[in-house]
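Everything on this sheet refers to the single structure shown next.
The numbers here are math on the coordinates, done by the rules we state, and not lab data. Fair warning: this is a prediction, and the values are worked out from it, not measured in the lab. Counting neighbours? That spans all protein chains shown, and the Cβs are built from the backbone with ideal geometry, glycine included.
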Amino acid sequence: MKDIGLILGIRPDVIRASKVIKLLSESSDIDFDFIWSGQHYSENMKDVFFKQLNVPTPDYEFDIDTTNDATTVSSIIKETYSHLENHKYKAIMFLGDTNTVMGSIGVAQHNIPIIHIEGCMRSYDWRMPEEKYRKTIDHLSDRIYAYLDSYKKQGLNEGISENIIKVTGNPIVDILEEFSELFSSGEEYLDRNVKKFINDNPFVLVTSHRRENILNKNSLKNIVDLINSSNKKILFPMGYATQRQIKEFGLILNKNVMVIDPIGYLEFIYLLKNSQYCISDSGTVVEEACILNIPSIQMRYSTERPEVYEVGASIKFDPTLEGQKFEDIHLRADSLNSRKWTHPFGDGKSSKLIVEDLIDLSKKNIFHMHNKEDYDFDISRSFLQ
Ligand code: UDP
């Protein structure tokens, strides 16, 4: 029996967990398998991150049907369940709030302990599938790594046992610190046309991929109008789903906007560090911008990361609202450029803390960490009485 199986499946998972994966692979105190769910599969959404961040490639890769969210989730549950019939682990670990974390249902069916990195984040917006996923996996989990005390408090408010939540800080800080020297070499990976486009001019970096933004015509139109209302150079590494939706809705970006396919991490962070500000609906990009002291416009009607507003690093843009003054939003982001803030995401030791805790729990053989009373069957709480 191995100690831990880690199941990940999308681009930001590899980035955020890269140090956890390396520490687990290198440790002689813990036996570990890395499993790829197959949610992201192309070279520039997956393999490039393994290469650039020097992450060991997965021990197993699921073969799943990514036709839509339902086929993705159901095939991840099925693959996870089958994998666990043939491979034994003391616990299975997931990260975040994606379709991949719903594989935890297949783990729960085997009654194997579940570990959740990025636990207890909440947007309190029940319209987001991610909020439903987060809540589900947190309430299935036996060990939760929460990044901040405030997230732990959110878990406690939902009745999650205090002794299963450990506050670790956010591992994205570890990654930005660890690779800080390599980011300057990110320029080398940029296409010649991109370098020519930027050519030492001030520019704005954009990403957008969230379902609620790109699948709704009005929201995506507002996003395009926001971008088109700036006359700065704008570089937009655009995910494939967003490219499809822009085309389908017949939306046109101005000539000062350069659209490219998604790019690798070193060049993306190189660009982010050199941008005036970024415009993004990505959870990770707004954290990275906040840590690197780059202002952001966060394109979300609700967020599980309110800290970026609280420290004054980000301006809110709600794509669902009509009649907004787009120019004002750019002006406000510009005005943050001269500001400094202290990011709230931790001290860069999060991955180490997580791995030390996993080794400790594995040695003690206690991945089921709930209070005994959580397990005792209480007839008065049952609908069957
Ligand atoms: N990123 C990247 N190349 C790109 C766009 C983003 O390497 O072309 C990185 C970015 O720095 C961040 C992560 O990918 O670390 C964000 O991924 P995404 O926006 O897909 O996911 P989310 O954070 O919203 O879950």
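Going by what's in this entry, would L266 be described as within 16 Å of the ligand (Cβ to nearest atom), within 16 Å of P12 (Cα to Cα) and outside any loop (DSSP other than H, G, I, E, B)? I'd like the intermediate steps shown before the answer.
Working: within 16 Å of the ligand (Cβ to nearest atom): yes; within 16 Å of P12 (Cα to Cα): yes; outside any loop (DSSP other than H, G, I, E, B): yes.
Here the answer is yes, as L266 does meet what is asked.
Report, by residue number, each residue of the stretch 229-286 that is of a type in the set (S, T, Y) and more than 11 Å from S208 (Cβ to Cβ). Give the steps one after another, and end with the answer.
Within the stretch 229-286, the subset of a type in the set (S, T, Y) is 229-230, 240, 242, 265, 270, 275, 277, 280, 282, 284.
Within the stretch 229-286, S229, S230, Y240, Y265, Y270, S275, Y277, T284 qualify.
Of all residues in the stretch 304-337, count the ones that are assigned to a loop (DSSP other than H, G, I, E, B) and closer than 24 Å to E177 by Cβ. Talk me through it step by step, then tell me what you get.
So the first thing to find is which residues in the stretch 304-337 are assigned to a loop (DSSP other than H, G, I, E, B), and the list is 304-306, 311-313, 318-325, 337.
If we keep only those that are closer than 24 Å to E177 by Cβ too, we end up with 304-306, 311-313, 337.
Counting residues in the stretch 304-337 that are assigned to a loop (DSSP other than H, G, I, E, B) and closer than 24 Å to E177 by Cβ gives 7.
Only residues that are buried (at least 21 other Cβ atoms within 10 Å of the Cβ) and among the β-branched types (V, I, T) were counted across the stretch 262-290, and they come to 4.
Which of the residues that make up the stretch 227-248 are over 26 Å from R11 (Cα atoms) and either in contact with an Asp or Glu (Cβ under 8 Å, 6 or more places away or on another chain) or not charged (D, E, K, R) (or both)? Correct list: N228, S229, S230, N231.
Kindly evaluate R332 against the criterion of being free of Cβ contacts under 8 Å to residues at least 60 places away in the same chain and in contact with a strand residue (DSSP E or B) (Cβ under 7 Å, 6 or more places away or on another chain). Reasoning before the result, please.
On the way: free of Cβ contacts under 8 Å to residues at least 60 places away in the same chain: yes; in contact with a strand residue (DSSP E or B) (Cβ under 7 Å, 6 or more places away or on another chain): yes.
So R332 fits the description; yes.
If you take the residues in the stretch 36-49 that are small (G, A, S) and either part of a helix (DSSP H, G or I) or in contact with a strand residue (DSSP E or B) (Cβ under 7 Å, 6 or more places away or on another chain) (or both), which one is farthest from the ligand (Cβ to nearest atom)? Out of the qualifying residues, it is G38.
Results for (1) surrounded by fewer than 24 Cβ atoms within 10 Å (Cβ to Cβ); (2) of a type in the set (S, T, N, Q); (3) under 18 Å from the mean Cα position of the chain (by Cα); (4) at positive phi, shown as yes or no for each residue.
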residue: S75; (1), (2), (3), (4): yes, yes, no, no
residue: V107; (1), (2), (3), (4): no, no, no, no
residue: R127; (1), (2), (3), (4): yes, no, no, no
residue: N157; (1), (2), (3), (4): yes, yes, no, no
residue: E162; (1), (2), (3), (4): yes, no, no, no
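Of the residues I279, I291, I297, I260, which single one is in contact (Cβ under 8 Å) with a residue 40 or more places away in the chain and within 9 Å of the ligand (Cβ to nearest atom)?
Numbers: I279 fails: within 9 Å of the ligand (Cβ to nearest atom); I291 fails: within 9 Å of the ligand (Cβ to nearest atom); I297 fails: within 9 Å of the ligand (Cβ to nearest atom).
Matching residue, one of I279, I291, I297, I260: I260.
Candidates in the stretch 8-35 are the residues that are more than 17 Å from I175 (Cα to Cα) and assigned to a loop (DSSP other than H, G, I, E, B); of these, the one that is nearest to the ligand (Cβ to nearest atom) is G9. Taking (1) more than 15 Å from the ligand (Cβ to nearest atom); (2) surrounded by fewer than 19 Cβ atoms within 10 Å (Cβ to Cβ) in turn, E177 satisfies each apart from (1). Taken over the stretch 43-67, residues that are of a type in the set (S, T, N, Q), farther than 17 Å from L266 by Cα and touching a helix residue (DSSP H, G or I) at 6+ places or on another chain (Cβ under 8 Å) amount to 2.
Would you call I115 closer than 20 Å to I15 by Cα, touching a strand residue (DSSP E or B) at 6+ places or on another chain (Cβ under 9 Å) and buried (at least 20 other Cβ atoms within 10 Å of the Cβ)? Judged against the criteria, I115 is a match.
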